[in-house]
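Trainee: Attaching a single structure in structure tokens format; questions to follow.
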């Protein structure tokens, strides 16, 4: 059975099979949640702005 865990550890330091990056409501629409930039840098992939 799969296990789901919540953590306050920095995302780049985790060894996981899946990672959920949250979004929040900003003044002009959705924005990436805090910490998403560190994830993008660790994956060496830019996250595109939400439109």
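The values are calculated or read from the model by the stated rules, or taken from the named source; none is laboratory data. Just so it is clear, the model here is predicted, and its values are computed rather than measured. We place every Cβ from the backbone using ideal geometry, glycine too, and count neighbours over all the protein chains shown.
One line per residue, one yes/no per condition, for (1) at pLDDT below 80; (2) surrounded by 10 or more Cβ atoms within 10 Å (Cβ to Cβ); (3) part of a strand (DSSP E or B); (4) within 12 Å of the chain's Cα centre (by Cα):
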position	(1), (2), (3), (4)
1	no, no, no, no
38	no, yes, no, yes
42	no, yes, no, yes
49	yes, no, no, no
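Trainee: Ok, one more. With at pLDDT 85 or above and surrounded by 10 or more Cβ atoms within 10 Å (Cβ to Cβ) as the only criterion, which of 10, 33 stands out?
Mentor: Going through 10, 33 in turn, the sole match is 33.
Trainee: Limited to the range 16-32, what total is found for residues that are part of a loop (DSSP other than H, G, I, E, B), within 23 Å of residue 3 (Cα to Cα) and out of contact with any helix residue (DSSP H, G or I) (no Cβ under 6 Å at 6 or more places or on another chain)?
Mentor: 6
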